[in-house]
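First the structure, in the form of structure tokens, and then the observations on it.
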Amino acid sequence: MRIPTLTLKEAAHLPRWRQPAFLLFLMAAAMPIAFATWSALLNNFVKHAAGFTGVEIGWLHTVREIPGFLAIGVIVLLWVLREQVLALLALGLLGATTAVTAMFPTFGGILTITLLSSIGFHYFETVNQSLQLQWIDRKRAPQTIGWIVAIGSGASMVAYGLIVLTWKTFDLSYNLVYGLSGGFTLAVAIFAALAYPQFEAPDPQLKHFVLRKRYWLYYLLQFMAGARRQIFVVFAAFMMVERFGFEVHEVTALFLINYLVNMIAAPFMGHAVARFGERRALIVEYCGLLLVFLSYGGVYWFGWGVFVAAALYVIDHLFFSLAFALKTYFQKIAAPEDIAPTAAVAFTINHIAAVFLPAALGYLWVVSPGAVFGLAAAMAGVSLLLALMIPRHPEPGYETIFARGLPVAAE
């Protein structure tokens with residue numbers, strides 16, 4: 001069957017459910033079903049199936065982040081594949097590998113299947129971010145991306161809600177839950193590949209490595225975001241299991257609350273970014289994260305209880321959801337043809353710290369968990385200083401507060 005190719009202008013005449021924005025919404029819903037389920041069960045699965053400690057969990061996440069570091073390989077794949085095709089292939093790989101995760105309950109097996117699923121996740125996220133910035137009008141980008149975040153949160157909430165309601169009630173197994181969630185994501189990827197035409201953005205994308213001086217602040221912000229995120233993703237949830245003895249349904253309930261808050265808040269955040277600008281949004285995010293990470297340390301330094309830790313986890317996740325302001329900042333300063341290659345480069349930069357930080361901090365965690373969160377607070381402080389360099393109205397040639405009046409470089 002030959003799949004037609006349509007420009008974005010031609011696609012505007014399609015039924016609403018077959019338009020580019022709806023495909024972005026559909027993918028935003030499908031990806032978290034697999035990834036959220038994997039995340040919700042992970043800490044309990046690896047602890048019960050393979051006896052993981054902080055050291056092993058650190059190595060697991062280091063392996064998981066290697067494909068993110070190698071996301072620049074997307075540029076090579078785009079020589080032979082369209083971005084839309086690559087996005088759906090990667091989404092299908094994520095679904096398929098999630099479905100079989102519980103079949104490999106050993107340290108080596110878990111690392112191997114995690115590496116494969118991570119290739120699907122990171123390559124999907126790289127291309128998906130590029131497609132969002134190409135397919136969404138700049139004037140509506142913050143609001144539309146806010147809705148995409150809300151849809152992803154809603155899908156995660158559905159996955160978490162089902163786990164909370166059924167895990168203990170029906171004594172479910174890891175094998176069944178991983179199989180159903182991963183199979184659903186795989187089925188959606190196959191449906192999307194068959195049901196949608198290929199959408200052609202108006203600006204052909206460069207298909208070679210792009211690293212421009214004028215994007216330097218964006219690169220630094222991406223690096224710091226990746227480093228901070230590792231501490232949240234790897235150790236904040238592990239803390240709930242290791243320190244407070246959370247079971248699967250309890251961890252999942254916490255995730256459920258997270259995504260309920262995000263589903264409600266994300267559209268409003270999109271409107272706030274559109275009104276107040278990326279500079280102010282990121283300043284608020286980094287100030288909030290600085291306080292949250294210091295408070296995480298207080299859980300260990302001052303013996304604060306489980307309710308404080310759980311509340312911090314929800315607030316933490318809410319601040320991280322503001323990170324899409326970094327996407328729209330780049331959309332405003334980027335040359336249109338740079339979006340796809342720079343998405344790959346930025347994803348690699350975002351994951352530089354991710355390759356070594358989880359494993360290294362796993363050893364520090366064994367000695368002093370509070371010190372891990374203190375380091376995260378310092379990273380949030382550096383990010384705050386960088387955010388102060390973003391102009392109120394960024395554009396090509398005015399990427400930072402130091403660049404006013406400078407011509408756009410061609411390098």
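Listing for the model above:
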{"item": "Relative contact order (percent, whole number), segment 38-127, Cα cutoff 8 Å, 6+ residue spacing", "result": "41"}
{"item": "Cα-based shape type of segment 70-111, given that a ≥ b ≥ c are square roots of the gyration tensor eigenvalues and the cut on a/c is 1.5", "result": "oblate"}
{"item": "Rounded accessible area per residue of the chain, 1.4 Å, Å²", "result": "41"}
{"item": "Peptide ranges 249-261, 103-115, 10-22 listed from the most packed, as the mean C-beta count within 10 angstrom indicates", "result": "249-261, 103-115, 10-22"}
{"item": "Long-range HN-HN contacts of Phe246 with modeled amide H, under 5 Å", "result": "Val241"}
{"item": "Global form of segment 159-241, assessed from the alpha-carbon gyration tensor, a/c cut-off 1.5", "result": "oblate"}
{"item": "Anisotropy class of segment 259-378 from Cα gyration tensor, a/c 1.5 cut", "result": "oblate"}
{"item": "Spacing of the two label points (7 Å from each Cα toward its C-beta) at Tyr363 and Thr5, in nm", "result": "5.1"}
{"item": "Estimated FRET transfer efficiency when R0 is 45 angstrom, pair Glu247-Phe402 (beta carbons, to 0.05)", "result": "0.30"}
{"item": "Amide H within-cut-off set for Thr5, under 5 Å, with H built and near neighbours excluded", "result": "Gln198"}
{"item": "Nearest-20 debye value, the chain charge dipole, Cβ charges on Lys, Arg, Asp, Glu", "result": "780"}
{"item": "Rel. contact order, % - alpha carbon contacts under 8 angstrom, at least six apart, the chain", "result": "28"}
{"item": "Nearby lysines by direct alpha-carbon distance to Lys327 (threshold 23 angstrom, same-chain neighbours under 8 apart not counted)", "result": "Lys139, Lys207, Lys213"}
{"item": "3J(HN,Hα) from dihedral phi, segment 302-315, Karplus parametrisation 6.51/-1.76/1.60, rounded to Hz, x for glycine, proline", "result": "10, x, 4, x, 5, 5, 5, 4, 5, 5, 4, 4, 5, 5"}
{"item": "Residue list for segment 97-112, given a label point 7 angstrom along the Cα-to-Cβ vector of Ile66 and an amide N cut-off under 16 Å", "result": "107-112"}
{"item": "Highest average packing first - 302-313, 236-247, 287-298, Cβ atoms within 10 Å", "result": "287-298, 236-247, 302-313"}
{"item": "From phi via Karplus (6.51, -1.76, 1.60), per-residue ³J(HN,Hα) for segment 267-274 in Hz, x at Gly/Pro", "result": "x, 5, 5, x, 5, 5, 5, 4"}
{"item": "Gap separating the Cα centres of segment 67-81 and segment 146-183, nearest whole Å", "result": "30"}
{"item": "HN-Hα J in Hz across segment 251-265 - Karplus 6.51, -1.76, 1.60, θ = phi - 60°, x for Gly and Pro", "result": "4, 5, 4, 5, 4, 4, 4, 3, 6, 5, 4, 5, 4, 6, 7"}
{"item": "Percentage relative contact order, segment 292-411, counting C-alpha pairs under 8 Å, at least six apart", "result": "33"}
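The values are calculated or read from the model by the stated rules, or taken from the named source; none is laboratory data. Nothing here was measured: the structure is a model prediction, and the numbers come from that model. For neighbour counting, all protein chains shown are included, and Cβ atoms are generated from backbone atoms with ideal geometry for every residue, glycine included. Just so you know, the surface numbers come from the protein's heavy atoms only, side chains and all, with ligands and any DNA or RNA stripped out. Shrake-Rupley method; radii C 1.70, N 1.55, O 1.52, S 1.80 Å.
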